[in-house]
1. Which one, 180, 99, 87, projects farthest toward the positive side of the charge dipole computed for region 78-231 from Cβ point charges (K/R +1, D/E -1)?
2. Shape call for region 177-218 from the C-alpha gyration tensor, a ≥ b ≥ c root eigenvalues: rounded (a/c under 1.5), prolate (a/b greater than b/c) or oblate?
3. So what's the projected area for region 149-188, the Cα convex hull averaged over all directions, in nm²?
4. Report the extension gain between residue 187 and residue 137 in nm, rounded to one decimal, defined as 0.36 nm multiplied by the number of residues separating them, less their alpha carbon distance.
5. With every protein chain left in place and a probe of 1.4 Å, what is the accessible surface of residue 65, to the nearest 10 Å²?
6. Ranked from highest to lowest mean number of other Cβ atoms within 10 Å per residue, what is the order of the peptides 155-166, 119-130, 90-101?
7. Using R₀ = 35 Å, calculate the FRET efficiency as 1/(1 + (r/R₀)^6) where r is the Cβ-Cβ separation of residue 102 and residue 176; round to 0.05.
8. Under the rule a/c < 1.5 gives rounded, and otherwise a/b versus b/c splits prolate from oblate, where does region 149-215 land using the Cα gyration tensor?
Amino acid sequence: MKGKWICIYGAVIVGFILFVHWSNRAVTTAVEYQPIERKHCIIIDPGHGGVDGGATSCTGKLESSFNLEISLRLNDLFHLMGYDTVMTRKSDTSIYTKGETIAQKKVSDLKERVRIVNETENALLLSIHQNNFSDGRYSGGQIFYGKEEGSEALAKRLQEAFVVNLNPGSKRQSKKANGVYLMEHIQCTGVLIECGFLSNVQEEASLRSLEYQKQLCCVIAATVSRFLSNT
Ligand SMILES: [Zn+2]
């Protein structure tokens, strides 16, 4: 009989210790997973739009619509992760304010994009584009960086993430965005992402697919978020 009571007391004590231990853990866990405060505003710039369709893919789809689809998905992802975002356009439009010829409208459109970026506090720019070449053999994403601090480091990380997750075996490297008006006039960290080649049959098919677009956006959003957490 005595042994039985010892066992019951023992079980109650062990149960109590476990209860205290796990309730403390629950408190610790709740504290550890407080929502992270995001101080950056991610500006997502879908390249081209409206009068300026950009490149035309090998199946006849305009670069501007690839850029918009991918940018809208990226915008949703960054929102889910708790970031403030700004999009330079949310539909198939050019955001020019003046100009009569297409060339004048393109200049005005780019100046508007620069204005939006430079008027946003704590901005980080992701300009979304697609590549195109006369030879259909070439493929792979490539990241171009602006002149402001952090841009080169972010481009390097994104390029590595593209090679590991999207374009295995690619030898492409990040490069300075020389001669790109938007990238030369912004005053914040910024990169221009050429997601892939619209002139390559396989890559164009991937870039059109919902699955690949989602994968691409996850790679970009996760890499940018990790970069911002470390800087
Ligand atoms: Zn473009």
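The values are calculated or read from the model by the stated rules, or taken from the named source; none is laboratory data. Since this is a predicted model, take the numbers as computed values, not measurements. Every residue, glycine among them, receives a Cβ derived from its backbone with ideal geometry; neighbour counts consider all protein chains shown. Remember, those area values only see protein heavy atoms, side chains included, never the ligands or the DNA or RNA. Shrake-Rupley method; radii C 1.70, N 1.55, O 1.52, S 1.80 Å.
1. 180
2. Details: a/c = 4.93, a/b = 1.96, b/c = 2.52.
Judged from the Cα gyration tensor, region 177-218 comes out oblate (a/c at least 1.5, b/c at or above a/b).
3. Result: a mean projected hull area of 3.2 nm².
4. Values: separation 50, 0.36 × 50 = 18.00 nm, distance 3.60 nm.
Fully extending the segment from residue 187 to residue 137 adds 14.4 nm.
5. Ignoring ligands and nucleic acids, residue 65 comes out at about 40 Å².
6. Working: 155-166: 19.1, 119-130: 21.0, 90-101: 13.2.
Per-residue Cβ counts within 10 Å, averaged per peptide and sorted highest first, yield 119-130, 155-166, 90-101.
7. Values: r = 28 Å, r/R0 = 0.80.
After rounding, the FRET efficiency stands at 0.80.
8. Working: a/c = 2.13, a/b = 1.70, b/c = 1.25.
In terms of gyration-tensor shape, prolate.
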